[in-house]
Amino acid sequence: MVELVKSGKQQTPTDRILQLKRQGLDNDQVIQTLQREGFKSSQIFDAMQQSELKESIEGPVGLDSDFSTQ
């Protein structure tokens, strides 16, 4: 299994998908990125479903922004 390290912890494919979506990538780009990073197709598609469920509960993922307006 691929291990992506984020602050000393293994990053799950679901977390990686959410991160890539926050960067503005569409689903096709996310899938291609995860495939290049070594995730299996089954992991990617399971994680895509999980990320969609998570978004439906928590709200859609927006673009990362260091410039928040109040």
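If you go through the stretch 26-59 and keep only what is touching a helix residue (DSSP H, G or I) at 6+ places or on another chain (Cβ under 7 Å) and of a type in the set (A, V, I, L, M), you end up with Val30, Ile31, Leu34, Ile44, Ala47, Met48.
When the stretch 42-61 is filtered for residues that are open to solvent by 70 Å² or more (accessible area, probe 1.4 Å) and among the aliphatic types (A, V, I, L, M), the ones remaining, listed by number, are Leu53, Ile57. Among the residues of the stretch 34-60, those that are without any contact (Cβ under 8 Å) to a residue 12 or more places away in the chain and not in a helix (DSSP H, G or I) comprise Lys40, Gly59, Pro60.
The values are calculated or read from the model by the stated rules, or taken from the named source; none is laboratory data. Note that the coordinates shown come from a computational prediction; the quantities given were computed from them, not determined experimentally. Don't worry about glycine lacking a Cβ; one is built from the backbone with ideal geometry, like all the others, and counts go over all protein chains shown. Side chains included, ligands, DNA and RNA excluded: accessible areas come from the protein's heavy atoms. Shrake-Rupley method; radii C 1.70, N 1.55, O 1.52, S 1.80 Å.
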